[in-house]
1. Return a yes/no flag: does the stretch 96-108 have any residue that is assigned to a loop (DSSP other than H, G, I, E, B) and not aliphatic (A, V, I, L, M).
2. From the residues in the stretch 110-150 that are surrounded by fewer than 10 Cβ atoms within 10 Å (Cβ to Cβ) and of a type in the set (A, V, I, L, M, F, W, C), which one is nearest to residue 27 (Cα to Cα)?
3. Just wondering, is there one or more residues in the stretch 53-70 that are free of Cβ contacts under 8 Å to residues at least 12 places away in the same chain and farther than 20 Å from residue 19 by Cα?
4. Which of (1) of a type in the set (A, V, I, L, M, F, W, C); (2) closer than 19 Å to residue 87 by Cα; (3) surrounded by fewer than 17 Cβ atoms within 10 Å (Cβ to Cβ) does residue 52 not meet, given it meets every other one?
5. Taking the condition surrounded by 15 or more Cβ atoms within 10 Å (Cβ to Cβ), in contact with an Asp or Glu (Cβ under 7 Å, 6 or more places away or on another chain), modelled with pLDDT of 95 or more and not polar (S, T, N, Q), does residue 99 pass?
6. Considering only residues that are crowded, with 18+ Cβ neighbours inside 10 Å and either touching a strand residue (DSSP E or B) at 6+ places or on another chain (Cβ under 7 Å) or among the aliphatic types (A, V, I, L, M) (or both), which ones fall in the stretch 1-26?
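The values are calculated or read from the model by the stated rules, or taken from the named source; none is laboratory data. Being a predicted model, the structure only gives us computed values, none of them experimental. Don't worry about glycine lacking a Cβ; one is built from the backbone with ideal geometry, like all the others, and counts go over all protein chains shown.
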Amino acid sequence: MVVMKQETIRPIEERDFERFAELASQLGYPVDPAFAAEQLRKEKKRDDAVTFVFDQEGVGVVGWVACRVVERTYRRAYGEVAGLVVDSAHRSRGYGAELLARAEEWFESRGVPEVLVRSNTLRVEAHRFYDREGYTRTKTQNVFTKELKG
């Protein structure tokens with residue numbers, strides 16, 4: 001008899017916060033787990049943002065996708081995938097596509113007509129992934145930051 005592992009995509013929970021931070025590092029964004037936990041607790045109180053995790057029975061969280069509804073005065077509201085990562089040991093198994101599909105469902109349930117994803121120009125594999133998932137490259141841009149004193 002073959003036993004199939006259960007896979008669940010669900011909203012992030014407190015017990016996932018440390019794993020979230022570990023995976024964020026794989027995405028190229030090292031984050032202090034305590035800071036990530038504080039930010040995720042704030043997010044859980046909002047209606048315009050959610051983070052989903054891909055939880056595989058016997059393994060735990062192997063990926064996450066962070067979703068935000070963005071409203072601007074100069075354009076209609078849109079959904080933004082603020083981050084998507086699958087553990088390097090679990091890639092190329094369709095988990096990223098499942099997380100992205102769940103994000104799209106969440107956006108649609110909020111009446112959001114469009115999803116935007118930003119991806120570093122160096123992430124060629126990620127670009128191929130988004131191309132396969134039906135996303136269109138619409139812009140290349142530079143990002144500027146400045147540290148403020150406050």
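1. No - not one qualifying residue is present in the stretch 96-108.
2. 122
3. No, the stretch 53-70 contains no residue that is free of Cβ contacts under 8 Å to residues at least 12 places away in the same chain and farther than 20 Å from residue 19 by Cα.
4. Residue 52 satisfies all of (1) of a type in the set (A, V, I, L, M, F, W, C); (2) closer than 19 Å to residue 87 by Cα; (3) surrounded by fewer than 17 Cβ atoms within 10 Å (Cβ to Cβ) except (3).
5. In short, no.
6. Residues satisfying the conditions are 9, 12, 16, 19, 20, 21, 23, 24.
Yes/no per residue for (1) within 20 Å of residue 129 (Cα to Cα); (2) exposed (fewer than 14 other Cβ atoms within 10 Å of the Cβ); (3) aromatic (Phe, Trp, Tyr); (4) without any contact (Cβ under 8 Å) to a residue 24 or more places away in the chain:
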{"site": "72", "(1), (2), (3), (4)": "no, yes, no, yes"}
{"site": "76", "(1), (2), (3), (4)": "no, yes, no, no"}
{"site": "79", "(1), (2), (3), (4)": "yes, no, no, no"}
{"site": "88", "(1), (2), (3), (4)": "yes, yes, no, no"}
{"site": "95", "(1), (2), (3), (4)": "yes, no, yes, no"}
{"site": "105", "(1), (2), (3), (4)": "yes, yes, no, yes"}
